[in-house]
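Everything on this sheet refers to the single structure shown next.
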Amino acid sequence: MTAEATIPVRTNFALAAMLLALAGLLLFVAPALGWYSIGGGAGGVLLLALAVIATPLHWGLIHEGIHGNLAPDATQNRTLSRLLSVPLLVPFEVVRFGHLTHHGFNRNPLDRPEAIDAEPTVTDRAKFYAHLLFGTSAIELSVPWLFLLPRAGIRWAIGRIYGLDDPQVKRIRKMAETTFLDSERIGRIRVDLVLTAMLVVASLTFAGTSWPWVAAALLARGVTISVLDNAPHYGTPVDSGQDATNSRAPAPLRALLLNSNFHGIHHARPNLPWSALPQAFVATGARYGAAWLDMVLRQFRGPVSADSLQR
């Protein structure tokens, strides 16, 4: 079966158009028409809820683009992925590298935020919850600015980010140097950074007195991404390899998640498009490890000792 036959191109493009239109609604149309202020702020609450609900679907399409499953044509896949990434404030080239290294080096020392070498302290807990709520988005927002540095500065930054004396991290550092010192890729990241910055400034400027609502919508989407980022891996063994949690979810929720609740199947077969994951789950005889909401909420138990995460 060919990629063209398995990728749901029309559905992906329709969803992309809908989500880009929703971003325009949240950032420009709603504040212009005063919808955030309807009912003394009730309209704003409803729009924030809509922003949060749509975020997993929006990120899910970007995730498909990371794996080349958004469109069968490579140029279309990359272009649409970059376009979708701008209103979500996630630089596509950066998150693509991070996600693919996550697949290749799952649960490496930089990829297990809940694991603490000793018994967790109050400081450890504070750091963990800050990372859980804001960490992923903070990284995605800050790292692209490093690409305004000259190549020598970018190389230095890569060495600082991946500076741990660990075999897996050393391999990732070499891959990062190969990836991010490429002139064409640096150019794409800089263009996307400028577009993202322009979008944020324009939306907050034109929002007028509704700017706190627009800022809240951007923040809420960032928190949603951060909270969901490590959920299928929280509490799993540090040597779990390609294992990940498959979680139960009702059909409407699976649609919003683009079947990402089948995360274990995705790790085992990352080239499958989202539409093929349920069938693969059944065909392989895989099992659910948790209910999706329970899987997400269990992270709020806090950090755990790395010793307890050994098989």
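The values are calculated or read from the model by the stated rules, or taken from the named source; none is laboratory data. This structure is a prediction, so every number in the text was calculated from the model and none was measured. Cβ sites come from the backbone with ideal geometry, for glycine too, and all protein chains shown count toward neighbours.
If ALA130 meets every condition in (1) without any contact (Cβ under 8 Å) to a residue 40 or more places away in the chain; (2) outside any helix (DSSP H, G or I) apart from one, which number is that one?
For ALA130, the exception is condition (2).
Quick one: what pairs do we get from segment 239-265, first residue at positive phi, second at pLDDT below 95, C-beta under 9 Å, 6+ apart or different chains?
Close Cβ pairs (under 9 Å, with a partner that is at pLDDT below 95) amount to GLY241/ASN106; GLY241/ARG107.
Output the number of the condition that ASP239 fails; it satisfies all remaining conditions of (1) in the same structural domain as LEU50 (by TED's automatic domain parsing); (2) of a type outside the set (A, V, I, L, M); (3) more than 17 Å from the chain's Cα centre (by Cα).
The failed condition is (1).
Among the residues of segment 245-280, which ones are small (Gly, Ala, Ser), surrounded by 22 or more Cβ atoms within 10 Å (Cβ to Cβ) and assigned to a loop (DSSP other than H, G, I, E, B)?
The one that is small (Gly, Ala, Ser), surrounded by 22 or more Cβ atoms within 10 Å (Cβ to Cβ) and assigned to a loop (DSSP other than H, G, I, E, B): SER260.
Identify, please: which residue in segment 71-104 is over 22 Å from PRO232 (Cα atoms) and touching a Ser or Thr at 6+ places or on another chain (Cβ under 7 Å) and is, among those, modelled with the lowest pLDDT?
PRO91
Could you say whether any residue in segment 41-53 is in contact with a Ser or Thr (Cβ under 9 Å, 6 or more places away or on another chain) and outside any helix (DSSP H, G or I)?
no
Would you point out the residue of segment 79-101, among those that are without any contact (Cβ under 8 Å) to a residue 40 or more places away in the chain and surrounded by fewer than 19 Cβ atoms within 10 Å (Cβ to Cβ), that is nearest to PHE13 (Cα to Cα)?
THR79
Going through segment 112-127 one residue at a time, which ones are over 23 Å from the mean Cα position of the chain (by Cα), in a helix (DSSP H, G or I) and free of Cβ contacts under 8 Å to residues at least 24 places away in the same chain?
VAL122, THR123
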